[in-house]
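> So that we are looking at the same thing, I have put the structure below in structure tokens.
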Amino acid sequence: MKALEARDLSFSYGRTLVVQGITLECRPGEVLGILGQNGSGKTTLLRLLAGYLRPDRGTVRFRDGRDISMMGTGDLARIRAVVGQSGGSYFDFPVSEFVMLGRTPYLPRFGRETSHDFMIVEQALELTDTSHLQDRLVSQLSGGELQRVTIARALAQEPEILMLDEPTSHLDVRHQLEIMELLGDLALRMTVITIVHDLNLAFRHCGRVALLHKTRLHSCGPPGEVLTPDAISEVFDVRASRAEDPGTGMNLLSFSMPRPRPDQKRKRIHVICGGGYGRAVLHALSGRGYHLSAGVLNEGDVDLEVAEYLGSRVITAPPFSRIGADERKRLEECCREADALVVVAVPVGEGNLENIRCAGKIAGSLPAILYSPSSSLEDLDYTDGEGAALYAEIAHKGTIACSLGELLERLSSL
């Protein structure tokens, strides 16, 4: 029996193919883990399975044969609940009220909660072992407590399928284990589909895993059959080995970097950023071994501090000043020495407009990637349209990445 079935799913963001040709079934009473390298399409696949995105090709059908793309949001909310990567709330109210939000699909417009709704909330709190937190403010919860409470809110929807996007991210080891054990308990009542970052957690707690590689399904099955050293090497570009954990008798994966090829050259990347918007990008690129340069950045800028901490070459300008001709010349020289240009979408004003002008001129002659994870480009423009137009020009001449995973994938393909 299938709780959910995806057939030949493909999806693109603009001209960029993110998921292609994926066929996958999700079974009742199991934890299905979705694994893969950054940029492999994990989150997009989960959003397609949840009905948040409509596939370019293919279908996702519920157990009774209904195509979820033809279902209303209310019907979908009663079938599946989704816990995203950011589980927090911007509203500071008690946990019990936060969990009650999960009853929204069942409440009539302008209607009040019934005794049945309160009973479901109590059950959700009990299942996640958070009853003792119900009077606590959400802002007072630890990371592990907040994740459990967020799962409780999802359970209050009474779903048949629970979907989670990396529920153990940013948690310490004990809380990671607690969350995965909770998902195993919940799988006795429903289907659980979760993106898992840690391969050892997936090995221990998932009944089956779907391994994605470069937007396609590499393999799907029990972890012991899918997570072989050869498959891990192919997908994650690391050396892997399996050994028995003497404490549990279960398989334990260990990893190491592959030996560098003698002809392998580290690529040089210039990053245009500022205002703290580039911190995650700089750390991610440095962690992947790229030679980095950054600027033009004003002295005192958070991104300048990060770039200097990482040992990157930087181009600076005095605090609160506009970028001058000398800084523009050094920026052009830095870009000519680079193998690629990454432009982080930041608010654009007269002070940093010259950065974006330079990027617009260079894009096309140098591989350029516009990194724009959230805000619309128009919302970042304080130059009466010139900044937004330049961002669009950079994206047109180069490409755009909406997540760190996509950015790393674009760079690795250069």
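> Scan the stretch 12-50 for residues that are over 21 Å from Ala187 (Cα atoms) and in contact with a helix residue (DSSP H, G or I) (Cβ under 6 Å, 6 or more places away or on another chain) and jot them down.
Val18, Val19, Gly36, Gln37, Asn38, Gly39
> Within the group Leu227, Leu217, Leu211, Leu201, which residue is touching a helix residue (DSSP H, G or I) at 6+ places or on another chain (Cβ under 7 Å), within 26 Å of Ser12 (Cα to Cα), outside the structural domain of Glu305 (by TED's automatic domain parsing) and not small (Gly, Ala, Ser)?
Selected residue: Leu211, the only one of Leu227, Leu217, Leu211, Leu201 that is touching a helix residue (DSSP H, G or I) at 6+ places or on another chain (Cβ under 7 Å), within 26 Å of Ser12 (Cα to Cα), outside the structural domain of Glu305 (by TED's automatic domain parsing) and not small (Gly, Ala, Ser).
> Sticking with this one: Among the numbered criteria (1) surrounded by fewer than 15 Cβ atoms within 10 Å (Cβ to Cβ); (2) on the phi < 0 side of the Ramachandran plot, which single criterion is violated by Gly311?
(2)
> Between a residue in the stretch 276-291 that is over 17 Å from Glu305 (Cβ atoms) and any residue that is modelled with pLDDT under 90 and hydrophobic (A, V, I, L, M, F, W, C), which pairs come within a Cβ distance under 8 Å, given they are 6 or more apart or on different chains?
What qualifies is Arg288/Leu408; Arg288/Leu411; Tyr290/Leu411.
> Let me ask something else about it. State whether the residues of the stretch 204-221 include one that is more than 22 Å from the chain's Cα centre (by Cα) and free of Cβ contacts under 8 Å to residues at least 12 places away in the same chain.
Within the stretch 204-221, the first condition is being more than 22 Å from the chain's Cα centre (by Cα), and the residues that meet it are 204, 207, 221.
Cutting the leftovers down to free of Cβ contacts under 8 Å to residues at least 12 places away in the same chain gives us none.
Among the residues of the stretch 204-221, not one is more than 22 Å from the chain's Cα centre (by Cα) and free of Cβ contacts under 8 Å to residues at least 12 places away in the same chain, which makes the answer no.
> Do we find a residue being surrounded by fewer than 23 Cβ atoms within 10 Å (Cβ to Cβ) and within 18 Å of the chain's Cα centre (by Cα) anywhere in the stretch 171-189?
yes
The values are calculated or read from the model by the stated rules, or taken from the named source; none is laboratory data. What you are looking at is a predicted structure, and each value in this text was computed from that prediction instead of being measured. With ideal geometry, Cβ positions are generated from the backbone for all residues, glycine too; neighbour counts draw on all protein chains shown.
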